[in-house]
Amino acid sequence: MNLAGKTAVVTGASSGIGAATVRKLRKAGVRVAGGARRLERVEADVPLALDVTDEESSRVFVEAAVEALGGIDILFCNAGLALGRVPFTESTEADETTVLHTNVDGVLRITRLALPHIRDGGHLVFMGSIAGRQAYPHGASYIASKFAVRGFTYALREDLLGRPIRITTVDAGLVETEFSVVRFGGDREKADAVYEGIEPVTPDEVADCVLFALTRPPHVNIDEIVVKALAQSSGARVVRA
Ligand code: 8X3
């Protein structure tokens with residue numbers, strides 16, 4: 001399926017998988033509205049400020065995107081984060097709140113606000129994680145949030161069944177982005193250690209998965225794509241050189 005002339009809305013568009021997907025969509029001829037808190041880093045046709053944890057910011061974002069684009073063919077709910085890699089006994093209310101408000105509430109909110117503007121033939125894509133399929137130690141709030149994203153997309157598929165809207169989740173494993181730097185509170189050494197001795201997946205390679213789902217024939221729905229580094233079998237089991 002040719003994407004040229006379509007429109008897309010991407011959250012978390014300032015870096016990593018979001019930015020890579022914006023680039024690839026634009027290259028495919030899609031007009032993209034990209035949202036992020038770091039507006040100055042969004043390279044989209046329509047760069048917009050967005051805090052998915054805030055209802056008003058999200059409402060203004062979707063309204064501005066729709067006004068600029070005229071309607072939405074593709075929504076990529078990508079914004080998300082993890083905080084900490086500690087036993088749950090050491091988890092904090094502040095970290096849990098941020099993770100759940102961003103990864104769960106933010107996804108439901110943006111989807112709810114955007115849905116009335118999704119055109120027939122539209123496609124909703126969600127950034128999941130292998131953490132939403134199988135737990136690993138010391139990541140409870142992130143794991144809970146990504147299991148919730150998977151549950152939400154399953155529920156959404158039920159509620160939208162019969163409508164011409166496709167739904168895809170991309171569940172990624174080790175992808176080298178700012179994800180680990182954020183997770184470890186800016187500690188680059190700890191973040192680098194996550195990808196040490198393995199070849200992680202790149203943001204471009206995840207964006208390729210998104211584009212693959214988007215470019216299938218309209219009657220074909222790719223429900224889920226699970227993409228991991230070859231050197232890992234799960235979030236917990238990684239073989240390093
Ligand atoms: C990121 C993958 O394994 O760090 O979603 O949870 S993992």
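The numbers here are math on the coordinates, done by the rules we state, and not lab data. Because the structure is predicted, anything quoted here is derived from the model rather than measured. Backbone-built Cβ (ideal geometry, glycine too); neighbour counts: all protein chains shown.
Under the definition of Cα pairs under 8 Å and six or more residues apart, what whole-number percent is the relative contact order of segment 137-241?
Numbers: 95 pairs, mean separation 35.2, N = 105.
Reported as a whole number, the value is 34 percent.
Going Cα to Cα from Lys228, which lysines come in below 16 Å? Please leave out same-chain ones fewer than 8 positions away.
The reachable lysines, counting only those whose Cα sits under 16 Å from Lys228, are Lys146.
With axes computed from alpha carbons, what is the tilt in degrees of helix 140-160 against the longest principal axis of the chain, rounded to the nearest 10 within 0 to 90?
Between the helix axis and the principal axis of the chain, the angle is about 30 degrees.
Please report, in cubic angstrom per residue, the volume enclosed by the convex hull of the alpha-carbon atoms of segment 88-217. If you can, show how the numbers build up before the last one.
On the way: hull volume 16.5 nm³, N = 130.
With only Cα atoms used, segment 88-217 gives 127 Å³ per residue.
Based on DSSP H runs of at least 4 residues, each adding -39500 (n - 2.57), what is the mean residue ellipticity at 222 nm of the chain after dividing by all its residues, to the nearest 500 deg cm²/dmol? Walk me through the numbers on the way to the answer.
On the way: 8 runs with 89 residues, N = 241.
Theoretical 222 nm ellipticity from helices: -11000 deg cm²/dmol.
Using 0.36 nm per residue, how much length does the chain from Asp204 to Val227 gain when fully extended, once their Cα-Cα distance is taken away? Could you put the intermediate results ahead of the total?
Numbers: separation 23, 0.36 × 23 = 8.28 nm, distance 1.22 nm.
Full extension of this stretch gives 7.1 nm more.
Answer with one residue from Val66, Cys77, His219: the one whose Cα lies farthest towards the positive end of the charge dipole of the chain, charges on Cβ with Lys, Arg +1 and Asp, Glu -1.
His219
Ranked highest first by the average count of other Cβ atoms within 10 Å around their residues, in what order do 4-15, 53-64 fall? Don't jump to the answer; show the numbers that get you there.
Working: 4-15: 23.7, 53-64: 16.8.
Result, highest mean first: 4-15, 53-64.
Can you give the extra length, in nm with one decimal, that the chain gains between Val220 and Arg85 once fully stretched, where that is 0.36 nm per residue apart less the Cα-Cα distance? It would help to have the intermediate numbers written out before the result.
Numbers: separation 135, 0.36 × 135 = 48.60 nm, distance 3.77 nm.
44.8 nm is the gain from fully extending Val220 to Arg85.
Report, for the chain, the % of DSSP beta bridges that are antiparallel, rounded to 5. Don't skip to the answer; put the middle values down first.
Values: 1 of 31 bridges.
The antiparallel fraction comes to roughly 5 percent.
Distance from the Cα centre of segment 1-54 to that of segment 164-188, in angstrom?
16
First measure r as the distance between the Cβ atoms of Arg240 and Val182, then evaluate 1/(1 + (r/R0)^6) with R0 = 22 Å and state the FRET efficiency to the nearest 0.05. Show your work: numbers first, answer last.
Working: r = 22 Å, r/R0 = 1.00.
For Arg240 and Val182, the calculated efficiency is 0.50.
Give the Debye-formula value of log10 I(q)/I(0) at each listed q (0.08, 0.10, 0.12 Å⁻¹), with one equal scatterer per alpha carbon of segment 7-227, two decimals each.
-0.26, -0.40, -0.59
If you line up the long axis of helix 203-214 against the longest principal axis of the chain, both from Cα atoms, how many degrees apart are they, to the nearest 10?
40
Just want to confirm a number: the relative contact order over segment 7-227, from Cα pairs under 8 angstrom separated by 6+ residues, in percent.
Details: 425 pairs, mean separation 45.7, N = 221.
Result for segment 7-227 is 21 percent.
According to the square roots a ≥ b ≥ c of the eigenvalues of the Cα gyration tensor, what is the shape class of segment 38-92, taking rounded for a/c under 1.5, prolate for a/b larger than b/c otherwise, and oblate for the remainder?
Prolate shape, in that a/c is at least 1.5 and a/b is the bigger ratio.
Give, rounded to the nearest 20 debye, the magnitude of the charge dipole that the chain has about its Cα centre when Lys and Arg contribute +1 at Cβ and Asp and Glu contribute -1 at Cβ. Working shown, then result.
Details: 27 positive and 31 negative charges, 136 e Å.
Result for the chain is approximately 660 debye, rounded to the nearest 20.
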